[in-house]
1. At what distance in nm do the modelled label points of Arg72 and Met56 sit from each other, each positioned 7 Å from its Cα along Cα→Cβ?
2. Leaving out same-chain residues fewer than 8 places away, which aspartates and glutamates sit with a Cα under 19 Å from that of Lys43?
3. When Tyr94, Tyr4 are ordered from fewest to most other Cβ atoms inside 10 Å of their Cβ, what list results?
4. HN-Hα J couplings of the stretch 44-52 from phi, Karplus 6.51/-1.76/1.60, θ = phi - 60°, integer Hz, Gly and Pro as x?
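Every number in this text was worked out from the coordinates using simple rules, so none of it is lab data. Nothing here was measured: the structure is a model prediction, and the numbers come from that model. Counting neighbours? That spans all protein chains shown, and the Cβs are built from the backbone with ideal geometry, glycine included.
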Amino acid sequence: MGTYIVLGILIIIIILAISPTIKHVRGQGSCCGGGGDIVKETKQLDAPKIGEIEVMIEGMHCDNCKNSIERRINKYEGVVCKVNLRKNRAVIEYSRPVDQEEIKRAIESLDFRVSDIITK
């Protein structure tokens, strides 16, 4: 009887211990120092879109990673960034010429790695 109680307690502890890990792997966690429930504004271009680049990014784990990249790139005037966490990429639309190296430096300054930039 005592063995079943100990086993039950161990199962509960294991479930509680792996729940955050499962959320993290799904990209729903709040790792990297931020919360997963951030309400954010959707930025739109003020002028007609003249181009788009796709940036392949390594090292993103959660919604906070995604949001930090979007916030950093969306600070640039004439640029809108949307990150797809599951595909490890950002689509950046722009209404003025942008320096791809500047975009790369901005993302990598957040401790992510840009593996490729594709002009569309």
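1. 1.9 nm
2. Glu52, Glu54, Asp63, Glu70, Glu77, Glu93
3. Least to most surrounded, the residues fall as Tyr4, Tyr94.
4. Whole-Hz 3J(HN,Hα) from phi for the stretch 44-52: 10, 5, 8, 10, x, 5, 10, x, 8.
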